[in-house]
Amino acid sequence: LDLEPMDVIVLASDGVFDNLHDALILKVVSDGFSPFIGNPIDILQWAQETADTIVSMAKTTSASTTKRTPFSEAARVFGYPYIGGKKDDITCVVAVACPESSFEDVTY
């Protein structure tokens, strides 16, 4: 996998992807990301806040009995009249590819 600086990677459990459509996850990531983020601390904060937002949305959707979700759509394809979210483990990590030199002077 070739990454360029500022590429965003979203790693998540099926509890996220069963409850949120890819397009919604992409919207959350792209709406919050902007080129002004250059400071490594800002990037880390943005990545954490974005992961938190995705987890919160997935958790809320998992409790829904009315939303169309990727899981409910797949269930219907296989003949199960299911609608709503799917309670499951929900985990998300958002990472941003940065040049190694970006973190030389960062103290945590």
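The values are calculated or read from the model by the stated rules, or taken from the named source; none is laboratory data. Just so it is clear, the structure is predicted and the values come from calculations on it, not from any experiment. All Cβ positions, glycine included, derive from the backbone under ideal geometry; neighbour counts span all protein chains shown. Remember, those area values only see protein heavy atoms, side chains included, never the ligands or the DNA or RNA. Shrake-Rupley method; radii C 1.70, N 1.55, O 1.52, S 1.80 Å.
Tabulated values for the structure
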{"read-out": "Conditions (1) part of a loop (DSSP other than H, G, I, E, B); (2) touching a residue at least 24 places away in the same chain (Cβ under 8 Å); (3) open to solvent by 60 Å² or more (accessible area, probe 1.4 Å); (4) farther than 30 Å from PRO99 by Cα: number failed by GLU4", "value": "(4)"}
{"read-out": "Scan of the range 23-49 for residues that are open to solvent by 60 Å² or more (accessible area, probe 1.4 Å) and modelled with pLDDT of 90 or more, ordered by number", "value": "ALA23, LEU24, LEU26, LYS27, SER30, GLN48, GLU49"}
{"read-out": "Cross-chain or 6+ apart pairs with Cβ under 6 Å, the range 64-81 first and over 14 Å from HIS21 (Cα atoms), then aromatic (Phe, Trp, Tyr)", "value": "ALA75/TYR82"}
{"read-out": "Output for the range 55-87, where each listed residue is over 17 Å from VAL28 (Cβ atoms) and in a helix (DSSP H, G or I)", "value": "PHE71, SER72, GLU73, ALA74, ALA75, ARG76, VAL77"}
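Listed here are the residues, each with its yes/no results for (1) within 12 Å of VAL96 (Cβ to Cβ); (2) open to solvent by 30 Å² or more (accessible area, probe 1.4 Å).
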| position | (1), (2) |
| --- | --- |
| ALA51 | yes, no |
| SER56 | no, yes |
| LYS59 | no, yes |
| THR69 | no, no |
